[in-house]
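Let me begin by presenting the structure, written as C-alpha cells, before commenting on it.
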Amino acid sequence: MTTITAQHERRALARELIRRNLRTPIIHLHTQIPLADIRDWYREIHGRSPSAGLLPSVSTLLPNRNSHIYVSLFAALYLRVGGKKVLQDIDIHAVLEAWDLFSTLTGHLPRKRPANPTEAWVVARDLRSKTARMHRCSKCYSPYLVAGDCRLPPNCPICFAEAQAGKSGLSKTAMKQLPKR
C-alpha cells in the first residue's frame with residue numbers, strides 16, 4: 001500500500017511530465033499511474049489528445065553529423081547530472097535536469113536533436129539498454145555517442161566536422177562557429 005505522500009509525489013511528477021509533453025508510456029513507466037488517467041490529464045492540460053505511436057531509437061536521432069554532435073552533448077550532460085547509476089536505471093529527474101541544461105545551451109539553434117524531452121528520454125533509455133554508449137575521442141578528448149544501429153561511422157563528430165570544414169575551405173570565422181571542445 002502506498003502512502004498519500006507517495007501518491008501525491010507520483011501525481012505531481014506525472015503532471016510535470018505531461019506539462020513537458022513527454023509521451024504517455026514514459027509517464028506511466030515512471031509513475032505507475034494508469035494510462036487512461038494520464039491521457040485524461042494530458043487532454044485537460046493541453047486541450048488535445050497525447051501523441052500516439054512507437055518511440056524512436058537513438059539511431060533515428062542521428063541522421064547526420066550535426067545531430068550527432070548535439071545528441072552526444074545531451075548524453076554527456078545526462079551522464080554528468082545522473083552519474084554512472086543512469087547506465088543501470090533511467091533517472092527521470094536527471095533526464096529533465098540535463099534537458100533543461102541542454103535547452104539553455106542550444107536554445108538559439110533553430111533545429112537540433114534531441115528536439116524535445118521525449119527524444120532526450122530515448123537517449124537515456126538507449127544508454128541504459130546499451131544500444132548506445134559513450135566514447136571519448138583519442139584526438140580531441142570530446143565525449144561522443146555511438147549507437148549500434150546508426151548509419152554514421154562510430155567516430156568523433158567534432159573531429160569529423162573540423163576536418164570537413166577544413167576541406168571545404170571555410171573561413172577562420174566559420175571554423176570558430178563550430179562547437180567548442
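The table below lists the values:
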read-out: Net charge of neighbours whose Cβ lies under 13 Å from the Cβ of residue 149, counting Lys and Arg as +1 and Asp and Glu as -1; value: +2
read-out: The chain: Lys pairs at Cα distance under 28 angstrom, eight or more positions apart or on different chains; value: 23
read-out: √(5λ) per eigenvalue of the Cα gyration tensor, the range 4-46, largest first, Å; value: 15, 10, 9
read-out: At R0 = 22 Å, FRET efficiency that the Cβ-Cβ distance of residue 165 and residue 141 yields, to 0.05; value: 0.70
read-out: Folded to 0 to 90 degrees: helix 117-128 orientation relative to the chain principal axis, Cα; value: 80 degrees
read-out: Cβ-defined net charge surrounding residue 56, 13 Å radius [Lys, Arg +1; Asp, Glu -1]; value: 0
read-out: Cα-Cα P(r), the range 58-176, percent of pairs per 10 Å interval; value: 14, 46, 32, 8, 1
read-out: Relative contact order of the range 4-46, defined on C-alpha pairs under 8 angstrom at six or more residues apart (%); value: 39 percent
read-out: Net dipole in debye of the chain [+1 Lys, Arg Cβ; -1 Asp, Glu Cβ; about Cα centre; nearest 20]; value: 700 debye
read-out: Extension gain from residue 85 to residue 100, taking 0.36 nm per residue of separation minus the Cα-Cα distance; value: 3.4 nm
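All of the numbers you see were taken from the coordinates with simple rules; none came from a lab. This one's a predicted model, so the numbers in the text were calculated from it and none came from an experiment. FYI the Cβ positions are ideal-geometry reconstructions off the backbone, even for glycines, and counts take in every protein chain you see.
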